[in-house]
Amino acid sequence: MAKMQGRMQGKVPQGDDRGDGLKEKMVAINRVTKVVKGGRILGFAALTVVGNGDGSVGMGKGKSREVPVAVQKAMDEARRKMIKVNLKNGTLHHPVIGRHGAAKVYMQPASEGTGIIAGGPMRAIFEVMGVHNILAKCIGSTNPYNVVRATLHGLQAMNSPAEIAAKRGKSVEEIMGLAK
């Protein structure tokens, strides 16, 4: 019993514990119970996001009998599954919608000084990836896992002006409306 209590008192990692310059945020910890013949078995599931503050972000989930182990597994998975998102001066290029399951997320760029106007799991993603000005709204399901996945789907679907110009065979100035 003492051995198990020693493991349960472990530190839950927050911030930048590894020294690799990545920001870590815990989105949710869920306590789950498995009922067996002899009683109940407790377990924990953790959902985390990791980002470098410059447009890269990753999401991970981990499960274990102890909270610190579940969080560490989630952080490791988030580091492995990072994606790169093109940002424009700390905000998005254009409004975008992301969907996952019953969760629908609407995100739009905001002017300088607006800040991060988003709730819960979306705010954690924007903070770790380096977005400073954004307006975001969660529509439908507010399940943290689905909201995080919907946000990442939306961010991956976003195109930079250079990508749109290349697809259309035009210059970036024509796409942005700067051509005379």
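The values are calculated or read from the model by the stated rules, or taken from the named source; none is laboratory data. Small disclaimer: the values here were computed from a predicted structure and weren't measured. Because the Cβ atoms are built from the backbone with ideal geometry, glycine has one as well, and the counts that use them run over all protein chains shown.
Worth a mention:
- Selection from the range 149-168 of residues that are out of contact with any Leu (no Cβ under 7 Å at 6 or more places or on another chain), touching a residue at least 60 places away in the same chain (Cβ under 8 Å) and within 30 Å of A45 (Cβ to Cβ): R149, L152, L155, Q156, A157
- Across the range 59-103, the qualifying residues are those that are among the small types (G, A, S), over 14 Å from L47 (Cα atoms) and touching a Gly at 6+ places or on another chain (Cβ under 6 Å), and the one among them that is surrounded by the fewest Cβ atoms within 10 Å (Cβ to Cβ) is A102.
- Answer residue from the range 104-162, given it is in contact with a Phe, Trp or Tyr (Cβ under 9 Å, 6 or more places away or on another chain) and surrounded by fewer than 15 Cβ atoms within 10 Å (Cβ to Cβ) and is nearest to I83 (Cα to Cα) among those: K137
- Residues in the range 95-142 that are out of contact with any helix residue (DSSP H, G or I) (no Cβ under 9 Å at 6 or more places or on another chain) and either in contact (Cβ under 8 Å) with a residue 40 or more places away in the chain or of a type in the set (D, E) (or both): E112, E127, V128, G130, N133.
- The range 87-108, residues that are part of a loop (DSSP other than H, G, I, E, B) and either closer than 26 Å to K61 by Cβ or modelled with pLDDT of 95 or more (or both): L87, L92, G101, A102
- Set side by side, the residues A2, A70 differ, and just one is modelled with pLDDT of 95 or more and over 30 Å from H132 (Cβ atoms), which is A70.
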